[in-house]
């Protein structure tokens with residue numbers, strides 16, 4: 001039980017951990033996406049209900065298996081999403097999430113990244129499975145935050161190899 | 001982060017109606033009697049350096065001799081065989097690094113896969129000097145595999161390090177049998193036991209055990225931090241691993257500090273005079289807590305052995321579907337203080353190496369919750385915890401929702 005680090009979260013993380021906004025499974029979601037891995041102890045699901053005509057979010061919610069900053073990041077992200085258009089939601093960055101949380105401790109920045117990665121995954125899924133008119137603003141290549149989510153998923157394996165005695 | 005924000009964080013956190021402290025593995029207070037024993041040595045007594053020839057120095061030296069003997073008696077050792085150090089970590093490092101300087105030909109050190117990181121990392125750090133670590137696997141209860149230990153012993157084996165009790169899952173290791181196996185094979189292989197978690201929990205007789213090195217710690221028996229011990233068998237010429245002036249202590253070239261010694265000796269007196277009583281007390285609380293949690297909360301698994309194979313002070317359970325850091329935080333807000341082997345509580349984002357070694361899946365390790373019991377814990381605290389934790393677990397599981405692990 002060594003290798004601990006102090007994690008003095010900003011108060012906002014604790015507030016959202018205690019009273020998470022937009023928590024829970026969404027039965028009537030248009031689309032949902034999962035990011036993270038059980039090996040890392042860090043999984044989120046982002047649910048979006050989308051207005052197909054305006055291509056904007058009607059409501060969003062999340063579920064999280066993870067630490068306090070994971071829960072707060074996902075909740076903060078859904079607050080930022082509000083009723084944005086998908087194009088606007090796509091542009092939310094992990095840094096915006098982290099800033100709104102009073103800056104996540106360095107070791108926890110991946111939590112913000114994972115939430116944003118999950119959101120972008122959901123948006124891509126929407127344009128590939130529900131509304132098949134892929135917009136111009138949606139990049140072909142995966143973005144940095146999506147890459148972070150993928151890296152997070154690969155991290156457990158990598159660290160396992162490095163750390164196993 | 002600025003200190004101002006930490007203050008705000010604590011304000012947002014607030015305080016529960018009651019504080020129940022079970023995180024003795026990671027931090028402890030001293031017993032009030034220990035504090036009272038230490039106090040005069042801060043203010044009026046024993047401030048002289050015991051290595052200096054004047055009255056004040058001799059007064060320190062006299063006190064030092066008497067108190068150190070009390071500590072040595074607790075492990076059935078002579079004072080000359082007990083080196084005082086500043087921590088278990090230092091003791092473990094001296095044992096590992098010091099041994100590599102005693103015998104420069106042998107290069108293999110065997111440790112169990114559940115050793116404390118102050119042993120594992122101390123050995124790994126010697127890689128550049130050609131020292132190789134080999135780990136001995138453990139059973140699903142954390143018991144070291146003695147057959148594999150025997151198979152791995154060879155002419156290149158320098159040392160075996162096996163803790164007496166695992167600090168995280170409470171496994172009592174078959175140290176006596178392991179020492180017999182090692183010494184039967186080759187008398188020249190050194191044997192070290194880190195007895196920090198065992199000290200004051202099970203009887204320890206280092207002389208009878210025929211062990212070469214043994215680590216004990218003041219903090220683990222509610223004495224002050226920053227003082228610990230390393231037993232060194234007669235005839236082994238271990239040297240300090242850092243340099244300084246000559247002092248009374250051979251392995252720590254510093255000036256001996258009497259308040260710490262006074263506190264350690266008092267803690268020994270309390271713990272060992274009431275040995276049976278204290279261990280019966282914690283054992284009763286342990287079982288009430290461990291089985292109480294298993295009965296009232298669904299999907300709970302016990303980490304480590306049960307009954308008399310388990311340390312009397314150790315409760316470690318996994319709440320499936322809960323992530324450990326969220327769990328320790330939510331319980332902290334309810335006034336229950338414990339720790340977790342979850343990845344999110346570690347810098348490396350990997351779950352505890354001990355839970356991994358006993359075959360726990362990541363999602364089981366992530367939900368682990370470690371509570372330790374001391375003579376300062378009460379039945380009332382255990383009752384409060386049994387009432388409160390089901391609510392804590394329910395809330396964390398409600399956030400996890402439908403996520404399948």
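Where a number appears in this text, it was derived from the coordinates with a stated rule and is not lab data. Everything numeric here is computed off the predicted structure, so don't read it as measured data. Positions of Cβ are backbone-derived with ideal geometry, glycine not excepted, and every protein chain shown enters the neighbour counts.
Taking every C-alpha pair closer than 8 Å and separated by at least 6 residues, the mean separation divided by the residue count of region A:11-163 gives a relative contact order of 25 percent.
Ordering of A:49-62, B:145-158 by packing is A:49-62, B:145-158, highest average first (other Cβ atoms within 10 Å, averaged per residue).
Overall, the ratio between the Cα radius of gyration of region B:80-179 and 2.2 N^0.38 Å, rounded to two decimals, is 1.06. In terms of its alpha-carbon gyration tensor, region B:1-127 comes out oblate; a/c meets the 1.5 threshold, while b/c is at least as large as a/b.
The modelled label-to-label distance between residue A:138 and residue B:15, using points 7 Å beyond Cα along the C-beta direction, is 5.4 nm. In this label model, residue A:96 and residue B:58 are separated by 7.9 nm, measuring between points 7 Å along each Cα→Cβ vector. With both residues required to sit in the protein assembly as shown, DSSP beta bridges show an antiparallel share near 65%. Looking at region B:239-315, the pairs of alpha carbons with a distance over 20 Å make up 59% of the total.
Protection proxy ranking of B:315-325, B:301-311, by the mean of other Cβ atoms within 10 Å over each peptide's residues and highest first, is B:315-325, B:301-311.
Ranking of B:272, B:264, A:17 by neighbouring Cβ atoms within 10 Å, starting from the fewest: B:272, A:17, B:264. Residues B:333, B:350, ranked from the fewest to the most other C-beta atoms within 10 Å, line up as B:333, B:350. So if the hydrodynamic radius of region B:148-265 is defined as the Kirkwood radius over C-alpha pairs, what does Stokes-Einstein give as its diffusion coefficient at 25 °C and 0.890 mPa s, in µm² per second? Once the numbers are plugged in, D ends up at 156 µm²/s.
Using every pair of distinct Cα positions in chain B, the Kirkwood expression returns a hydrodynamic radius of 22.4 angstrom. Value of Rg to Rh for the protein assembly as shown, rounded to two decimals, is 1.04; Kirkwood radius and Rg both from alpha-carbon coordinates.
Using the alpha carbons alone, the radius of gyration of region B:32-272 stands to its Kirkwood radius in an Rg to Rh ratio of 0.99.
For chain B, the antiparallel share of DSSP beta bridges with both residues in that region comes to about 55%. You can think of it this way: the chain between residue B:398 and residue B:145 has 87.1 nm of extra reach, that is 0.36 nm per residue less the Cα-Cα gap.
Taking 0.692 mPa s as the viscosity and 37 °C as the temperature, the Stokes-Einstein diffusion coefficient of region A:11-163 based on its alpha-carbon Kirkwood radius rounds to 214 µm²/s. For chain B, the longest principal axis of the Cα atoms and the long axis of helix B:3-13 meet at an angle of about 50 degrees. Taking the longest Cα principal axis of chain B as reference, the axis of helix B:55-73 is set at about 60 degrees.
Take each residue in A:40-48, count the other chain C-beta atoms within 10 Å of its C-beta, and the mean is 5. In terms of its alpha-carbon gyration tensor, region A:1-65 comes out prolate; a/c meets the 1.5 threshold, and the first ratio a/b outweighs b/c. A protection proxy built from the mean count of other Cβ atoms within 10 Å ranks the segments B:196-202, B:294-300, most packed first, as B:196-202, B:294-300. Mean partner shielding of peptide A:133-146, defined as the number of other chain Cβ atoms within 10 Å of each residue Cβ, is 0. Relative to its Kirkwood radius, the Cα radius of gyration of region A:82-149 gives an Rg/Rh of 1.00. Look at where the Cα atoms of region B:98-140 and of region B:220-262 average out, and the two centres are 22 Å apart.
So what is the relative contact order of chain B, in percent, for Cα pairs below 8 Å that sit 6 or more residues apart?
Value for chain B: 21 percent.
Counting only DSSP beta bridges whose two residues both lie in region B:32-272, roughly 40 percent are antiparallel. The C-alpha atoms of chain B define a longest principal axis, and helix B:258-273 lies at about 70 degrees to it.
The relative contact order of region B:32-272, computed from alpha carbon pairs under 8 Å that lie at least 6 residues apart in sequence, is 27 percent.
Within 10 Å of the Cβ of each residue in A:61-74, the mean number of Cβ atoms contributed by other protein chains is 6. Report the residues of region B:145-185 in range of a label on residue B:107: point 7 Å along Cα→C-beta, backbone N strictly under 19 Å from it. Counting backbone N atoms under 19 Å from the label point, the list is B:152-160.
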